[in-house]
Amino acid sequence: MTPQNALTKKTSPFRYGFAMFGTSIPINMFKSFAAIYYVDTLGLDMQKYALIPLIYAFVDAIDNPVYGFLSDNTRTKWGRRRPWLLIGTPLLILFFILFYNVPGFIQSDKGMLFIYMLLMYILTGTLDSLVNANYGSLFIELFKKDEDRAKTNGIRQICQLFAMAISIALTPMITEKIGYQLTAVIYGVLALFVMMYCFWGCRETETNYEEMEKPKLIPSIVALITNPRFWIYGLAGAFYSAAFSLISQALPFYVKYTLGLGGSTTTIMLGIVLGVAVIGILIWSKLAKKMPIMTVWRIGFIIMAISFIPLFFVKTLPFAIAIAAVIGIGVAACLTTMDCIGAKIVDDDYRKHGVKREGIINSLMGVMNRLNGLYISLAFFVTSELFGFNNGDDPGENPALAAKVLLCVFPAVAMIIASVVTFLLKFPEDKKDE
């Protein structure tokens, strides 16, 4: 088979979508348990921890557009995206494993621990940006029709939720038995095999690379930042992502200090959220055929916003589990629609400008999404200041209330803002749908 034929071979939606299982396992453990591991287990001060996602947010704002630009302008016989995926994946796994395997001499020195975490956080995060910039661009390029995108995205999001069930819901129980270090190694090796298998089989459909106009970085950035739809979608996505990230990061604190229970309870609650979300994606996907996709998107945001409020007043596990199920319904609606709406923005840009720059646009949307780091940093900093929560050895006088504020108040505020913002985003075809 010649390289040209290899490029034109159609990619299976299942093989492309299954890659999401691999990409989600390491990065969800990385983001979800960084705080509980470094602050509660290793004793890093919460205020120092709060600085790290803040610093990385600015690094990410620079590296994402660069990765998208390099991807769009790559010309090889294997395509534009696949070489970056095959190179970036092993490096991502390496630094993810190092993040949770802190040398003993560094653990005993809090200054070195902060520097080590900052360095590993940036390296792991930036390689995740590289992989996702190219993986996300392939979604737009490989699947052109709305029905194909809906089917593929459904597969992808279900794979992501199963990965979350392992890397988020089961992790507290697993780490209690074997520790964070070995857990990271096992997750990393599993993810590496899945990602390399899937990325090798992703065949890019564009074959006329030399004839395609190469997008320029600055004009592409200007075109996107002057598009109001980009800002509206990006802000809504950033606040949603912040709220979702705070669920996994703050829930271990909530379970331990508010409910007074162990890691298995964290597994149960996260499992409920993700399990309901898997079922919810199937339901919302069917409903999306009967109602505008923008409506489904907004409903999901509103459900999440409302759900966090009663969680603040919960005192027993059964009620907490019931609310977690409702949150899962909202998460499902958001996951079903987010990427499809992002693809509409890319399609709209191509219609206006006639330049294929999926990588740059996808990366810049990623920058907006990852601005959640600013909000998460603010949440941890304010909680530490208000309640004197420093670390696991010094949790302050009222860690139960601190955990409730971190899990309930900050996500609720984020989702209320996001819900309002969603009503500002409109596409020309929305009027026809209505």
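Please state which one of THR226, THR266 is buried (at least 24 other Cβ atoms within 10 Å of the Cβ), modelled with pLDDT under 90 and of a type in the set (Ser, Thr, Tyr).
Of THR226, THR266, the one residue that is buried (at least 24 other Cβ atoms within 10 Å of the Cβ), modelled with pLDDT under 90 and of a type in the set (Ser, Thr, Tyr) is THR266.
For region 228-337, which fully contained helices (runs of 4 or more DSSP H) count at least 2 residues that are among the small types (Gly, Ala, Ser) and under 18 Å from the mean Cα position of the chain (by Cα)?
Per the criteria, 228-253, 263-287.
Out of all the residues in region 326-377, which are of a type in the set (Asp, Glu), more than 24 Å from LEU85 (Cα to Cα) and surrounded by fewer than 20 Cβ atoms within 10 Å (Cβ to Cβ)?
Within region 326-377, just ASP348 meets the criteria.
Restricting attention to region 393-416, does a residue exist that is outside any helix (DSSP H, G or I), on the phi < 0 side of the Ramachandran plot and in contact with a Gly (Cβ under 7 Å, 6 or more places away or on another chain)?
Scanning region 393-416 turns up at least one residue that is outside any helix (DSSP H, G or I), on the phi < 0 side of the Ramachandran plot and in contact with a Gly (Cβ under 7 Å, 6 or more places away or on another chain).
Would you confirm, using the coordinates I've provided, whether ILE293 is buried (at least 18 other Cβ atoms within 10 Å of the Cβ) and not acidic (Asp, Glu)?
Here the answer is yes, as ILE293 does meet what is asked.
Any idea which of ALA343, ALA322 is among the small types (Gly, Ala, Ser) and in contact (Cβ under 8 Å) with a residue 60 or more places away in the chain?
Within the list ALA343, ALA322, the selection yields ALA343.
Name the residue, out of ILE166, ILE186, that is within 17 Å of the chain's Cα centre (by Cα) and at pLDDT 85 or above.
Testing whether each residue is within 17 Å of the chain's Cα centre (by Cα) and at pLDDT 85 or above leaves just ILE166.
When you go through LEU190, LEU161, LEU182 one by one, which is the residue that is within 20 Å of GLY342 (Cα to Cα) and either assigned to a helix (DSSP H, G or I) or in contact (Cβ under 8 Å) with a residue 60 or more places away in the chain (or both)?
LEU161
Only one of these is polar (S, T, N, Q), buried (at least 16 other Cβ atoms within 10 Å of the Cβ) and farther than 27 Å from LYS289 by Cβ: ASN132, ASN101, ASN153. Name it.
None of the other options fit; the residue is ASN132.
Looking only at region 63-92, count every residue that is under 18 Å from the mean Cα position of the chain (by Cα) and over 13 Å from ILE360 (Cβ atoms) and tell me the total.
Residues flagged as under 18 Å from the mean Cα position of the chain (by Cα) and over 13 Å from ILE360 (Cβ atoms) within region 63-92 amount to 4.
How about region 184-205: which of its residues are crowded, with 20+ Cβ neighbours inside 10 Å and of a type outside the set (D, E, K, R)?
Matches in region 184-205: ALA184, TYR187, GLY188, ALA191, LEU192, VAL194, MET195, CYS198, PHE199, CYS202.
Read through the list (1) within 24 Å of SER241 (Cα to Cα); (2) at pLDDT 90 or above; (3) hydroxyl-bearing (Ser, Thr, Tyr), then give the number of the only condition that TYR116 fails.
The one condition TYR116 does not meet is (1).
The values are calculated or read from the model by the stated rules, or taken from the named source; none is laboratory data. Worth saying up front: this structure is predicted, and the values here are computed from it rather than measured. Neighbour counts run over all protein chains shown; Cβ positions are idealised from the backbone, glycine included.
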